[in-house]
């Protein structure tokens with residue numbers, strides 16, 4: 001069972017969300033990926049307006065509309081527009097088919113302005129994927145690090161948070177969130193460096209490591225190689241490739257009456 005935490009419509013051939021979703025599933029079938037989590041639309045912006053957020057979420061709703069048996073959507077939100085983001089959370093998750101939240105780079109997640117979004121998402125049992133990175137040449141304005149996420153996680157011990165990319169610089173990122181036991185890492189979107197997954201399992205436990213590809217910025221194959229080529233047990237690989245994500249999503253899937 002392979003569930004991919006981290007999929008995008010951008011970077012994929014196709015003129016419409018449906019065409020791009022069809023391509024994603026064609027690639028997924030080739031690599032044995034059973035289910036995809038999709039977020040953000042056809043075109044991105046680092047500090048999206050409320051109208052842009054809505055359009056990007058509409059793209060994802062359109063993309064997954066014919067494939068609810070294969071794809072889940074996460075709503076794209078921004079702490080720079082809290083009221084609009086809360087409206088999108090209600091539209092897409094509380095009243096719609098989406099099952100999680102995507103937060104990118106508009107505002108650092110240690111800013112308390114994000115708290116109403118996290119609180120409401122937690123009430124809905126929504127999984128929250130927070131992009132994090134530690135860039136050697138400096139982060140984007142508003143781009144969070146794993147250290148920022150650790151601070152936010154301390155304020156929200158019941159939230160279902162995921163540390164996206166493990167911060168890119170994964171040795172530092174993994175150590176930064178190690179003490180926040182309710183926060184797993186997503187391993188997608190970086191080169192399949194030897195030792196990455198082994199280090200994560202050793203420091204966090206396999207139950208806190210989740211596979212994702214970051215397709216179309218990356219490929220399924222290169223990101224699956226991180227897990228399939230790792231010197232860890234078959235049990236650990238099963239947890240990372242699908243069982244951990246399924247466990248996080250089960251409460252909201254049950255709330256929505258989605259059977260898997």
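No lab work stands behind these numbers, since they all come straight from the coordinates. Bear in mind the structure is a predicted one, so any value in this text is a computation, not a measurement. Note that we place each Cβ from the backbone using ideal geometry, even for glycine, and neighbour counts take in every protein chain shown.
Quick rundown of the values:
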item	result
Length-normalised contact order of the chain in % [C-alpha pairs under 8 Å, at least 6 apart]	18 percent
D (Stokes-Einstein, µm²/s), Kirkwood Cα radius, segment 139-260, 0.692 mPa s at 37 °C	221 µm²/s
Cα centroid of segment 189-226 to Cα centroid of segment 227-242, whole Å	10 Å
Ranked packing of 239-246, 111-118, most packed first, by mean Cβ within 10 Å	239-246, 111-118
Residue-averaged 222 nm ellipticity for the chain, from DSSP H runs of 4+ at -39500 (n - 2.57), nearest 500	-11500 deg cm²/dmol
Among 100-106, 251-257, the order from most to least packed when residues are scored by Cβ within 10 Å on average	100-106, 251-257
Viscosity 0.692 mPa s, 37 °C: Kirkwood-radius Stokes-Einstein D of the chain over Cα pairs, µm²/s	183 µm²/s
Normalised contact order of segment 72-205, rounded percent, pairs of Cα under 8 Å and 6 or more residues apart	20 percent
For segment 146-184 and segment 10-42, distance of Cα centres in Å	28 Å
